[in-house]
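S.K.: Before I ask anything, here is the structure I am working with.
The values are calculated or read from the model by the stated rules, or taken from the named source; none is laboratory data. Just so we're clear, the structure is a prediction, and the values are computed from it rather than from any experiment. Using ideal geometry, Cβ is built from the backbone for each residue, glycine included, and neighbour counts are taken over all protein chains shown. Note: areas computed on protein heavy atoms with side chains; ligands, DNA, RNA excluded. Shrake-Rupley method; radii C 1.70, N 1.55, O 1.52, S 1.80 Å.
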Amino acid sequence: MAMTARPTAEDPNREAISATGAASVPVEEADLAAVDETAAEGPSRRCIATRQVKPKEELLRFVVGPENELVPDLAGKLPGRGLWVSAERAALDLALQKNLFAKAAKAPVRVSPRLADEIVLLLRNRCLDLIGLARRAGQAVAGYEKVDAWLERGTVSVLLEARDGAADGKRRLAAKAGAHHIKGTATEPASRPSIAVIDLFTAAELAAALGREHVVHAALSEGGLARALRLDAARLKALIAGPDTGPNH
C-alpha cells in the first residue's frame, strides 16, 4: 500500500512511508521554523486513541492522502485535517486495532499494519538527518576531548552518546553535563534549560551522520537544530520504550 500525499515545495515529508518499508523524511531549514513555536507553551490536541489532551509536540500528526491512505506528518505541515496520536507504541497499536483513524476521519482510511515500526524508522532517520545538518552548520562536534571542552564552556545543548559505546566515558560526560536521559517527554520547565542526553543511536549511525569513521561521543550547540532534535528524540524514545519493540530498535 503506497502512502503518498501531494507535497508542496516547502514540505519536508516528500518521501512518505509505505507498507513495505520506511524512507527517510528529509529535514530542511524550513522545517525548523515551527520548532520554536511548538517548543514554547502552545496549542494542545486530543489523542484519538487515549483521548488525552497533550501538547502537540508530544503527539504524532497524520493526514489522509488523496487515495484514502494514512500519511504521517511528522513536521506538522501537510494540508488537511490532522489526526493526532500520542507518541507511544500502545496508542498507535490501539488506533490501528480499533480502526480509530477511519472513525476520526469519518471515512475509509488505509493504514499500514506496521505503522508503529515505520514511524520509529522515520523518526530515527529524521534525528540522524538533524545531526548531519548540525555538523554541516558547524553546530556539532565529535570526540571525547572536543565534547568535554564544549561542556566546560557551557556550549552543549544536546549530548549524544552511542548506545554501544564504553560505559565509563559516557558516564563521565553525562555526569559533567548534569543531565538526565530523555524520558519520553518533549517538554521541559522553562526555568531549567538542561542538557538533553540522547543514547538512541549506535556508534556507526552517529559516525555516518557526522562524517566520521567512529563516533561514541558528540554534542550539539543551542539552536533550532538542537531543539528539533530534542523534540524528535523524545518522541522516538517514547515509541521504542514500548513492550513490543524488537531487537533492532
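S.K.: Does Ala90 qualify as being among the aliphatic types (A, V, I, L, M), surrounded by fewer than 18 Cβ atoms within 10 Å (Cβ to Cβ) and not in a loop (DSSP other than H, G, I, E, B)? If you could, list the steps in order and put the result at the bottom.
M.R.: Details: among the aliphatic types (A, V, I, L, M): yes; surrounded by fewer than 18 Cβ atoms within 10 Å (Cβ to Cβ): yes; not in a loop (DSSP other than H, G, I, E, B): yes.
Criteria met by Ala90.
S.K.: Report yes if some residue within the stretch 201-212 is outside any loop (DSSP other than H, G, I, E, B) and either modelled with pLDDT under 95 or touching a Ser or Thr at 6+ places or on another chain (Cβ under 8 Å) (or both); otherwise report no. Please lay out each step first, then the result.
M.R.: Our first condition is that a residue be outside any loop (DSSP other than H, G, I, E, B); within the stretch 201-212, this holds for 203-210.
Restricting the remaining residues to those that are either modelled with pLDDT under 95 or touching a Ser or Thr at 6+ places or on another chain (Cβ under 8 Å) (or both) gives none.
No.
S.K.: Does the stretch 176-197 include one or more residues that are modelled with pLDDT under 95, farther than 30 Å from Leu92 by Cβ and part of a helix (DSSP H, G or I)?
M.R.: Taking every residue of the stretch 176-197 in turn, at least one turns out to be modelled with pLDDT under 95, farther than 30 Å from Leu92 by Cβ and part of a helix (DSSP H, G or I).
S.K.: Within the stretch 42-87, track down each residue that is surrounded by 17 or more Cβ atoms within 10 Å (Cβ to Cβ), of a type in the set (Val, Ile, Thr) and in contact with a helix residue (DSSP H, G or I) (Cβ under 7 Å, 6 or more places away or on another chain).
M.R.: Ile48, Val64, Val85
S.K.: Which of the residues that make up the stretch 94-115 are open to solvent by 10 Å² or more (accessible area, probe 1.4 Å) and either under 16 Å from Arg235 (Cβ atoms) or assigned to a strand (DSSP E or B) (or both)? Talk me through it step by step, then tell me what you get.
M.R.: Going residue by residue through the stretch 94-115, those that are open to solvent by 10 Å² or more (accessible area, probe 1.4 Å) are 94, 96-100, 102-111, 113-114.
Result: Arg110, single match.
S.K.: For the stretch 124-149, enumerate the residues that are over 14 Å from Gly211 (Cβ atoms) and open to solvent by less than 30 Å² (accessible area, probe 1.4 Å).
M.R.: Matches in the stretch 124-149: Arg124, Arg126, Cys127, Leu130, Val147.
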